[in-house]
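Below is one structure, written out as structure tokens; the observations come after it.
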Amino acid sequence: MLEHYTMGRRAFLACNYFFLACLAILCILPIIHVLAISFSSSSAAQAGYVKLWPVEATLASYKYVLQKKAFFDSLLVTLQRVGIGLPVNMLLTVLIAYPLSKDPRRFGLRTIYVWIFVITMLFSGGLIPLYMIIKYTGIMDSIWALVLPGAVPIFNVILMLNFFRNLPKALEEAAFIDGAGHWTTLWRIFIPLSLPSLATVTLFAAVNHWNSWFDGLIFMNSPTHYPLQSYLQTVVINRDLSLVSSGDISSFSEINERTSKAAQIFLGALPILLVYPLLQRFFMKGIVLGSVKE
């Protein structure tokens with residue numbers, strides 16, 4: 001069936017597409033600029049000639065970054081953080097969202113627990129109490145200091161809670177009639193039907209772990225234990241003194257601080273740029289077809 005739009009509707013769609021296109025361009029231009037600087041020569045980047053296309057293209061900056069042990073050490077810490085923190089986040093999110101999605105008549109304390117979680121999302125004890133907790137629990141300067149404080153992402157719990165509540169109640173009732181318990185219903189009915197929502201929440205949790213930098217600076221006593229974003233923050237703020245050593249100058253005469261920083265920043269963002277399109281197709285409302293017959 002063909003859709004016929006009024007002039008007002010067509011004008012709105014045109015303005016909407018134009019606005020979204022401009023917004024997308026504004027988001028991608030900084031990435032292109034950083035990429036162009038990373039591929040440009042030292043003199044062109046220092047003189048400010050580089051805009052959106054490399055000038056005197058060279059791979060010297062990437063050769064320099066790939067030889068930096070500190071970069072790969074921080075990347076390993078971040079991969080470890082995502083590998084541990086992401087499963088913990090998703091497991092706790094599902095286990096908390098499922099009971100909180102039940103009707104108050106079935107779970108009498110549901111409203112109280114929901115408000116407890118919401119309050120923790122809106123208010124916190126502050127940085128000093130959090131630091132003291134991490135210190136006196138003995139996990140300072142370890143990977144658990146990066147994982148446990150954010151083990152329960154409340155925003156993701158609320159997303160999954162609302163998604164579970166929108167699933168047809170008849171599916172759960174049919175499972176209970178067939179003798180299934182809550183565990184079976186959760187893992188064999190709710191989880192398979194929630195794949196679009198789970199993919200979205202998984203991406204949110206992964207990006208949060210990958211982009212976090214402040215906790216690494218606070219909870220890690222040694223720079224060798226910094227996650228990637230904490231390391232990049234120190235690279236951007238501080239000067240890279242290794243570039244002024246005689247060895248680096250003789251080997252990498254075509255790079256400077258600006259090009260090396262750009263290369264490291266782009267390499268740090270590259271994994272998320274590759275993963276995001278793979279999960280983009282799940283960014284839609286889950287549709288249950290053929291499960292319930294009226």
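Observations on the model:
- Checking every residue in the range 94-114 against the condition of being small (Gly, Ala, Ser) and more than 26 Å from Trp144 (Cα to Cα) gives at least one match.
- Meets criteria (surrounded by 12 or more Cβ atoms within 10 Å (Cβ to Cβ), under 30 Å from Pro149 (Cα atoms), in contact with a helix residue (DSSP H, G or I) (Cβ under 7 Å, 6 or more places away or on another chain) and among the β-branched types (Val, Ile, Thr)) for Val82: yes
- Selection from the range 177-220 of residues that are without any contact (Cβ under 8 Å) to a residue 40 or more places away in the chain, more than 21 Å from Ile272 (Cβ to Cβ), in a loop (DSSP other than H, G, I, E, B) and not small (Gly, Ala, Ser): Asp178
- Of the residues Thr111, Thr93, the single one that is at pLDDT 90 or above and within 26 Å of Trp187 (Cα to Cα) is Thr93.
- Among the candidates Ser74, Ser38, residue that is under 18 Å from Ala269 (Cα atoms) and modelled with pLDDT of 90 or more: Ser74
- All positions within the range 160-176 that are buried (at least 17 other Cβ atoms within 10 Å of the Cβ) and either at positive phi or in a helix (DSSP H, G or I) (or both): Met160, Leu161, Phe163, Phe164, Glu172, Ala175
- A count restricted to the range 7-53 and to residues that are among the polar types (S, T, N, Q) and outside any helix (DSSP H, G or I) stands at 2.
- Residues of the range 54-78 satisfying the condition of being outside any loop (DSSP other than H, G, I, E, B), over 24 Å from the mean Cα position of the chain (by Cα), farther than 23 Å from Leu29 by Cβ and not aromatic (Phe, Trp, Tyr): Ala60, Lys63, Lys69
- Total residues in the range 142-159, condition closer than 16 Å to Leu91 by Cβ, hydrophobic (A, V, I, L, M, F, W, C) and part of a loop (DSSP other than H, G, I, E, B): 2
- Every pair of residues 6+ apart whose Cβ atoms lie under 7 Å, when the first sits in the range 62-79 and is within 22 Å of Ser42 (Cα to Cα) and in contact (Cβ under 8 Å) with a residue 24 or more places away in the chain while the second is of a type in the set (A, V, I, L, M) and in a loop (DSSP other than H, G, I, E, B): Tyr64/Ile255
- On the stretch given as the range 125-141, residues that are loosely packed, with under 10 Cβ neighbours inside 10 Å and under 24 Å from Thr93 (Cα atoms) total 1.
- Residues of the range 1-58 satisfying the condition of being over 21 Å from Val236 (Cβ atoms) and among the charged types (D, E, K, R): Glu3, Arg9, Arg10, Glu56
The values are calculated or read from the model by the stated rules, or taken from the named source; none is laboratory data. Here the structure is a predicted model, which means the values were calculated and not measured. As a convention, Cβ positions derive from the backbone with ideal geometry for all residues, glycine included, and neighbour counts pool all protein chains shown.
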